[in-house]
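J.: Can you keep this structure in mind? I'll have questions shortly.
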Amino acid sequence: MNSHNSVEKGDAFTGMRAGKHYERMARIFGLNEDFYKRAVGDLRLEDGMKALDMGCGTGALSFALAQRSSSRCIIHGIDLSEDQTAYASNRPGGQGGALHFSTASMDDALFPDGALDIAMTSMALHEASPEVRRATLSNIARMLKPGGKFLLVDVAKPLLRGWGLVLRPFMALSDKFRDNRENSYADICAKLGLIQTEDQYINALIRRQVFVKPA
């Protein structure tokens with residue numbers, strides 16, 4: 001079984017590329033429990049707060065946020081792959097607030113204006129088409145409350161060590177990673193009125209950025 005491409009949306013991980021198989025492969029690249037804790041950082045949800053995890057995959061980032069948050073928060077996760085969201089819905093955990101996973105594209109996340117305290121995505125934007133990436137960022141700016149935060153974790157221009165050294169030539173030649181290499185996301189977020197407050201590499205390949213919607 002293979003992943004399928006939605007021409008307009010991006011790559012959905014299904015079958016042998018989903019669920020526990022996805023997690024095993026991800027761990028080879030260092031995407032383990034500690035990675036997601038570092039990705040979340042000091043972000044947390046208090047009572048009644050709401051977050052949306054776009055391109056949630058197996059739900060690892062959602063669960064990492066839930067572990068730091070109030071038991072009375074709500075976290076929604078969406079992904080193109082029904083295999084991924086089904087796995088996320090049935091994985092053990094339950095720490096923190098209520099988690100809900102459903103199948104949808106990132107740019108189809110139609111929460112009302114100002115509905116979210118946190119919007120986040122991890123290792124997903126580069127799998128979407130450029131049009132979906134931009135529509136997603138625009139949607140995030142609309143859905144965030146004033147003072148709400150956007151957590152963006154994704155591959156970036158590799159540092160010259162570890163996996164970054166190995167993958168740098170490949171990423172340099174791939175149009176798929178152009179936005180990531182050039183960090184176009186920061187410029188797009190700035191034009192949408194989001195202010196960058198954090199920017200650092202988690203490892204040699206993956207960058208963590210946080211943006212805030214002005215109050």
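J.: Excluding same-chain pairs closer than 8 in sequence, count the lysine pairs in the chain whose Cα atoms lie under 18 Å apart.
T.: 11
J.: How large are Rg and Dmax for the stretch 135-177 when only the alpha carbon atoms are used, in Å?
T.: 15.2, 41
J.: Over all distinct alpha-carbon pairs, what is the Kirkwood Rh of the stretch 128-215 in angstrom? Don't skip to the answer; put the middle values down first.
T.: Numbers: mean 1/r = 0.0734 Å⁻¹.
Evaluated over the stretch 128-215, this radius sits at 13.6 Å.
J.: For the chain, what is the calculated [θ] at 222 nm in deg cm²/dmol (nearest 500), taking -39500 (n - 2.57) for each run of four or more DSSP H residues and dividing by its residue count?
T.: Per the formula, -10000 deg cm²/dmol.
J.: Follow-up question, since we're still on this one. Could you size up the charge dipole of the stretch 20-135 around its Cα centre, putting +1 on the beta carbon of Lys and Arg and -1 on that of Asp and Glu, and report it in debye to the nearest 20? Let's see the in-between values first.
T.: Working: 12 positive and 16 negative charges, 85 e Å.
For the stretch 20-135, the charge dipole is close to 420 debye.
J.: Here's a follow-up. For a quick size check, give me the Cα extents of the stretch 27-136 along its three principal axes, largest first, whole Å.
T.: Rounded to whole Å, the extents work out to 38, 35, 25 Å.
J.: Roughly what % antiparallel, to the nearest 5, for the DSSP beta bridges in the chain?
T.: On the way: 17 of 37 bridges.
That works out to approximately 45 percent antiparallel.
J.: Using only alpha carbon pairs under 8 Å that are at least six residues apart, calculate the relative contact order of the stretch 45-132 and give it in whole percent.
T.: The value is 36 percent.
J.: Explain nothing, just the number: dipole magnitude of the stretch 129-207 about its Cα centre with +1 on each Lys and Arg Cβ and -1 on each Asp and Glu Cβ, in debye rounded to the nearest 20.
T.: On the way: 13 positive and 8 negative charges, 13 e Å.
Charge dipole of the stretch 129-207: 60 debye, to the nearest 20.
J.: Counting only trypsin sites (Lys or Arg not before Pro) that are in a DSSP loop and have at most 14 other C-beta atoms within 10 Å, tell me the longest site-free stretch of the chain.
T.: Longest stretch, sites excluded: 73-160.
J.: At 1.4 Å probe size, put Glu198, Glu46 in order of accessible surface, largest to smallest.
T.: Output order, biggest surface exposure first: Glu46, Glu198.
J.: How much of the pair distance distribution for the chain lies past 31 Å, counting alpha-carbon pairs only, in percent?
T.: Working: 2744 of 23005 pairs.
It works out to 12 percent of all Cα pairs.
J.: With a 1.4 Å probe and all protein chains left in place, how much of the accessible area of the chain comes from carbon and sulfur atoms, in whole percent?
T.: That fraction is 53 percent.
The values are calculated or read from the model by the stated rules, or taken from the named source; none is laboratory data. Everything numeric here is computed off the predicted structure, so don't read it as measured data. Ideal geometry is used to build each Cβ from the backbone, glycine not excepted, and the neighbour counts take in all protein chains shown. Just so you know, the surface numbers come from the protein's heavy atoms only, side chains and all, with ligands and any DNA or RNA stripped out. Shrake-Rupley method; radii C 1.70, N 1.55, O 1.52, S 1.80 Å.
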